[in-house]
1. Among the residues of the range 50-66, what is the count of those that are in a helix (DSSP H, G or I) and in contact (Cβ under 8 Å) with a residue 12 or more places away in the chain?
2. Are any of the residues in the range 32-49 in a helix (DSSP H, G or I), aliphatic (A, V, I, L, M), surrounded by 14 or more Cβ atoms within 10 Å (Cβ to Cβ) and under 35 Å from the mean Cα position of the chain (by Cα)?
3. What about GLU263, is it surrounded by 13 or more Cβ atoms within 10 Å (Cβ to Cβ), under 27 Å from SER143 (Cβ atoms) and of a type in the set (Asp, Glu)?
4. In contact with an Asp or Glu (Cβ under 9 Å, 6 or more places away or on another chain) and surrounded by 14 or more Cβ atoms within 10 Å (Cβ to Cβ): which single residue out of TYR22, TYR55 fits that description?
5. Restricting to the range 99-126, what's the tally of residues that are farther than 17 Å from LEU154 by Cα, open to solvent by 60 Å² or more (accessible area, probe 1.4 Å) and among the polar types (S, T, N, Q)?
6. Condition test on GLN204, is it open to solvent by 40 Å² or more (accessible area, probe 1.4 Å), more than 27 Å from the chain's Cα centre (by Cα) and over 17 Å from TYR116 (Cα atoms)?
7. If you check ILE105, ILE69, which single one turns out to be assigned to a helix (DSSP H, G or I), in contact (Cβ under 8 Å) with a residue 12 or more places away in the chain and farther than 30 Å from VAL212 by Cα?
8. Just to be sure I understand, how many residues within the range 223-265 are part of a strand (DSSP E or B), modelled with pLDDT of 95 or more and of a type in the set (D, E, K, R)?
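The values are calculated or read from the model by the stated rules, or taken from the named source; none is laboratory data. Please read all numbers here as calculations on a predicted model, not as lab measurements. For neighbour counting, all protein chains shown are included, and Cβ atoms are generated from backbone atoms with ideal geometry for every residue, glycine included. In case anyone asks, the SASA skips ligands and DNA or RNA and just uses the protein heavy atoms, side chains included. Shrake-Rupley method; radii C 1.70, N 1.55, O 1.52, S 1.80 Å.
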Amino acid sequence: MKYTIGEFAALVGVTADTLRLYEKHDIVRPRKDDHNKYRYFNDLDARNLLSSRWYRSMQIPLQDVAGLINGAPAERVVESIAAARMQLEAEIKRSTLLLNKMNEIHTELAEIGESYYQCRIRQMPGVYRIQQTHKNHLLQKDSLKKTAGVWMELLPFTFYSFRIENTRDIFGCAGLDYSWGLALLEEDQQKLGVCINDCMEYLQPSTCISSVIASSYEEDIERESFQFMLDYAEQQDYAIVGDIHGKILFTERMNGENQTFLEINIPAEPR
């Protein structure tokens with residue numbers, strides 16, 4: 001029996017557009033009526049359609065499905081399913097990592113109140129980082145462009161971080177020498193299998209005095225914004241032993257103004 005495209009689509013449970021797409025890929029081959037130019041499907045076309053939808057349900061690409069439908073040995077069918085399975089396993093692994101990271105971020109943001117202008121001692125993990133600015137001015141470095149592009153695709157595993165490098169003069173009157181750039185926790189670099197190159201800095205795991213502060217979106221990083229942390233170090237008789245670093249947690253916009261919440265970490269040890 002022959003069916004119009006609308007009739008056949010309704011009977012097999014797909015749309016007419018799907019049938020046109022499958023016809024384009026030579027999966028189904030309706031017969032054309034020379035008199036009215038209509039295309040007609042028959043009962044056997046349902047078999048090819050069902051087989052193709054079965055392959056597609058396992059996320060095998062449509063162009064590969066066409067090859068399987070139009071002539072493929074059993075070995076190729078098995079190989080195609082195995083390849084689709086491996087792709088799905090990789091997607092599940094990535095989604096699981098993403099879910100875990102989202103849980104980490106949610107917990108971190110939910111607990112901001114406990115750290116807001118409050119000092120605590122934390123063990124900070126190792127971090128890989130690329131320097132993309134000097135203070136707030138973007139650097140024009142060709143060597144960074146490829147890595148920056150790759151790391152942008154790794155969000156939210158990567159995050160925007162700062163590093164203050166003149167900690168020896170932290171109590172002086174000179175302005176702070178800091179930079180911004182994307183960063184990636186060492187543990188996430190290992191989980192994601194991210195390659196390391198020469199344009200990346202590495203911040204060693206360290207014991208830090210840590211706190212969360214808020215600043216205006218346009219503000220430079222100034223010592224006064226975390227002076228209370230330096231005072232805490234003095235009061236607890238801690239020595240600063242490395243570069244101060246931190247990250248943007250999130251930016252809040254209220255009443256037309258932006259306020260950025262920053263995590264600040266000062267590597268320190270008892271004197």
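1. From the range 50-66, those in a helix (DSSP H, G or I) are 50-57, 62-66; that's our starting set.
Checking the rest, the ones that are also in contact (Cβ under 8 Å) with a residue 12 or more places away in the chain come to 50-53, 55, 62-66.
Counting residues in the range 50-66 that are in a helix (DSSP H, G or I) and in contact (Cβ under 8 Å) with a residue 12 or more places away in the chain gives 10.
2. Within the range 32-49, the subset in a helix (DSSP H, G or I) is 45-49.
Filter once more, keeping what is aliphatic (A, V, I, L, M): 46, 49.
The next check asks that each one be surrounded by 14 or more Cβ atoms within 10 Å (Cβ to Cβ); those that pass are 46, 49.
With the extra rule that they be under 35 Å from the mean Cα position of the chain (by Cα), the set shrinks to none.
No, there is no match, as no residue in the range 32-49 is in a helix (DSSP H, G or I), aliphatic (A, V, I, L, M), surrounded by 14 or more Cβ atoms within 10 Å (Cβ to Cβ) and under 35 Å from the mean Cα position of the chain (by Cα).
3. On the way: surrounded by 13 or more Cβ atoms within 10 Å (Cβ to Cβ): yes; under 27 Å from SER143 (Cβ atoms): no; of a type in the set (Asp, Glu): yes.
No.
4. Working: TYR22 fails: in contact with an Asp or Glu (Cβ under 9 Å, 6 or more places away or on another chain).
When all the criteria are applied, what remains is TYR55.
5. 3
6. Working: open to solvent by 40 Å² or more (accessible area, probe 1.4 Å): yes; more than 27 Å from the chain's Cα centre (by Cα): no; over 17 Å from TYR116 (Cα atoms): yes.
Considered against the rule, which asks whether it is open to solvent by 40 Å² or more (accessible area, probe 1.4 Å), more than 27 Å from the chain's Cα centre (by Cα) and over 17 Å from TYR116 (Cα atoms), GLN204 comes out as no.
7. Values: ILE105 fails: farther than 30 Å from VAL212 by Cα.
Being assigned to a helix (DSSP H, G or I), in contact (Cβ under 8 Å) with a residue 12 or more places away in the chain and farther than 30 Å from VAL212 by Cα holds for just one of ILE105, ILE69, which is ILE69.
8. Total satisfying the criteria: 2.
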